[in-house]
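Below is one structure, written out as structure tokens; the observations come after it.
The values are calculated or read from the model by the stated rules, or taken from the named source; none is laboratory data. Every value quoted in this text rests on a predicted model; they were computed, and no experiment measured them. Every residue, glycine among them, receives a Cβ derived from its backbone with ideal geometry; neighbour counts consider all protein chains shown. The protein model used for the area step is the full one, side chains on, heavy atoms only, and it has no ligands, DNA or RNA in it. Shrake-Rupley method; radii C 1.70, N 1.55, O 1.52, S 1.80 Å.
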Amino acid sequence: MDDQTVLASGTPGAKLVVHQGTQAGTTFPLIGDVVILGREEDVGISIHDPEVSRRHARISRQAGRYVLEDMNSTNGTYLNGVQITGPQPLHAGDRISMGQTVLVFQIEPETVAAQPTAAPVQPAPPPPPAPAAAPVEQEKGRGRCLLWGCGCLILLGLLLAVLAGAIALLFAEELQPIFDELGIPIQLTMLYVTHLLA
């Protein structure tokens, strides 16, 4: 047996390491049989993320293993990218996503150092950030629709003006009494309409 480290027989130490979010790099040890994760300050693990519910999820120790459950959160709890709908067992390296926060479940046997301790295990590199292109695309789509709508309204207005001018030219003789009654000289109107159509 290696004389640098003596392993103790006991319960393994479990923890959550924040890999993405405002608390990236923070480690939360899982202490006790039940730990609540949420936005509230008085829960076992407080996550500073506006998309996380006040009491979002629960990790409990059942029959020697850790189990993750969603607590009817608004935005859901995801285990390795899949939304959970019931209790799910946790395994070392599992990724738990809540809102914009990603935590990695780590479990290792507790060790008791006899003399010098072994070098600490290096955590896995953080995952690449999740693409946030959907909201940007949605904003682009709204702007594009607004532009098309305005363009169509302008085109419709021009079409109506041309149509009114064409009607005035075609029915100039029939409209003459109406223009005379209103005091509008037909020659001025015809000049204006032909100028618009030219």
For Glu41 and Cys145, compute 0.36 nm times the residue count separating them, minus their Cα-Cα distance, and round to one decimal in nm. 33.1 nm
How would you order 93-99, 146-152 from highest to lowest mean count of nearby Cβ atoms within 10 Å? 93-99, 146-152
Segment 22-62 accessible area per residue, 1.4 Å probe, protein heavy atoms, integer Å², reads 54
Using a 7 Å offset from the Cα along the Cα-to-Cβ direction at both Thr74 and Ala172, what is the distance between the two label points in nm, to one decimal? 6.8
